[in-house]
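One structure is given below, encoded as structure tokens.
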Amino acid sequence: MSNRTFTMIKPDAVKAGNIGNILQMINAGGFRIVAMKYLFLTKQQAEKFYEVHAARPFYGELTEFMSSGPIVAAILEKGNAVADFRTLIGATNPAQAEEGTIRKKYAASIGENAVHGSDSDENAAIEGNFFFNGLERF
Ligand code: CMP
């Protein structure tokens, strides 16, 4: 079990002015920020990041959306980080997300769901490495 996960605050949440609210919830959830960046993905970069979903019917919509505005990318640290962060953000579909989760509060739909959270330790490492080099982690 690793103690790190990777997250993005997605374009919908950034546009809605919720970066601060979401970071506050991440902080209150006991996660330490290891690395963080504010950036605007190109369509090609979004396609590369979500390559594992390339065969899915929503891949075009997903990568279009993720390159529609700036995002915040971050590596977070806490014991049991991957599972605990998924609990904090709630179900992928905000309609099914628990009360008090980030997606319940700030997400509108399964496509525009405010935040990303890694689904495994292996993917957390791959996704963190996509955005950050060793000199950008503290
Ligand atoms: P995320 O955790 O970033 O990883 C893959 C993303 O695909 C997921 O969040 C959703 O935003 C998106 N996604 C999953 N299922 C669907 C769907 N049926 N329609 C549109 N987007 C989806």
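The values are calculated or read from the model by the stated rules, or taken from the named source; none is laboratory data. Quick caveat: nothing in here was measured; it's all calculated off a predicted structure. Every residue, glycine as well, gets a Cβ built from its backbone with ideal geometry; the counts of neighbours run over all protein chains shown.
So here's what we get for this one:
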read-out: Boolean, residue 22 is modelled with pLDDT of 95 or more and in contact with a Pro (Cβ under 8 Å, 6 or more places away or on another chain); value: no
read-out: Near pairs, Cβ below 7 angstrom, 6+ apart or cross-chain, from region 96-115 (touching a residue at least 24 places away in the same chain (Cβ under 8 Å)) to any residue that is more than 10 Å from the ligand (Cβ to nearest atom) and of a type in the set (Ser, Thr, Tyr); value: 114/106
read-out: Answer residue from region 1-10, given it is more than 20 Å from residue 104 (Cα to Cα) and assigned to a loop (DSSP other than H, G, I, E, B) and is nearest to the ligand (Cβ to nearest atom) among those; value: 2
read-out: Out of 13, 46, 28, sole residue that is without any contact (Cβ under 8 Å) to a residue 24 or more places away in the chain and within 24 Å of residue 105 (Cα to Cα); value: 28
read-out: Tally, over region 53-93, of residues that are touching a Gly at 6+ places or on another chain (Cβ under 8 Å) and of a type in the set (Lys, Arg); value: 2
read-out: Number of positions in region 101-138 that are crowded, with 22+ Cβ neighbours inside 10 Å, touching a Lys or Arg at 6+ places or on another chain (Cβ under 8 Å) and over 16 Å from residue 3 (Cβ atoms); value: 3
